[in-house]
């Protein structure tokens, strides 16, 4: 690759935080008011009929159809969805060794498989530019590590997860308060959603608090890798825009 070519390559800007912390609001502001492409807008363009074969194949695999870890990851590599299976190996090892409940493990792996598909589709459709990823690799740590039953954070596993990532250059962290976010979720969604299905309010709050703890560890590890961190309350600052539009 010629010098300078990488400057024109696609860059993913990760926006992450616990549910109801303001991610979607910030993404919409950056997309609608400042012209930064959002993940949703990119996927709407990328998901055309020509790619439905890949999508159907991935959905089949993410349904935990009985294939072994190697069979699934080899298939993903063949489809061009994964470029490195270290991240999946890290998550797979953690779920097994931590004895994570089956329903939680299925949610975690399905989330990662869907995210792999989305990154691949976006990279294929947009060879250059910037895309706001509000459900990217960093955000997925919530589904993997935020549902554990033990109280102590799996620090070494979280660091291994970060080491397995192709770390983004820039991330925006929406740090929400667990009580406030839970109140917002309860107000707008009478029934628990996603991986909170059948969880009590206490279980939901525990997951939020654990996710906050995991995100702090992830941020520290990303900073050590030279990642630029914006801690945001939803305000679009001039410095943030300078980085996003550069």
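So, in segment 1-43, exactly how many residues are surrounded by 12 or more Cβ atoms within 10 Å (Cβ to Cβ), over 24 Å from residue 117 (Cα atoms) and modelled with pLDDT under 90?
Selection size over segment 1-43: 1.
Regarding residue 137, is this residue touching a strand residue (DSSP E or B) at 6+ places or on another chain (Cβ under 8 Å), outside any strand (DSSP E or B) and under 21 Å from residue 224 (Cα atoms)? Spell out how you get there, then give the answer.
Numbers: touching a strand residue (DSSP E or B) at 6+ places or on another chain (Cβ under 8 Å): yes; outside any strand (DSSP E or B): yes; under 21 Å from residue 224 (Cα atoms): yes.
Yes, satisfied.
Report yes if some residue within segment 159-168 is within 30 Å of residue 35 (Cβ to Cβ), touching a strand residue (DSSP E or B) at 6+ places or on another chain (Cβ under 6 Å) and not in a helix (DSSP H, G or I); otherwise report no.
There is at least one residue in segment 159-168 that is within 30 Å of residue 35 (Cβ to Cβ), touching a strand residue (DSSP E or B) at 6+ places or on another chain (Cβ under 6 Å) and not in a helix (DSSP H, G or I).
Does any residue of segment 121-132 turn out to be under 24 Å from residue 203 (Cα atoms), at pLDDT 80 or above and part of a helix (DSSP H, G or I)? It would help to see each step written out before you state the result.
To start, the set of residues in segment 121-132 that are under 24 Å from residue 203 (Cα atoms) comprises none.
No, every residue in segment 121-132 fails to be under 24 Å from residue 203 (Cα atoms), at pLDDT 80 or above and part of a helix (DSSP H, G or I).
If we keep just the residues of segment 225-243 that are in contact (Cβ under 8 Å) with a residue 24 or more places away in the chain, part of a helix (DSSP H, G or I) and farther than 25 Å from residue 161 by Cβ, which is farthest from the chain's Cα centre (by Cα)?
241
Whether any residue in segment 80-99 is crowded, with 20+ Cβ neighbours inside 10 Å and at pLDDT below 80 is what I want to check.
Checked segment 80-99: at least one residue is crowded, with 20+ Cβ neighbours inside 10 Å and at pLDDT below 80.
The values are calculated or read from the model by the stated rules, or taken from the named source; none is laboratory data. As the structure is a computational prediction, the values presented were derived from the model and not from experiment. Glycine also receives a Cβ, built like all others from the backbone with ideal geometry; neighbour counts cover every protein chain displayed.
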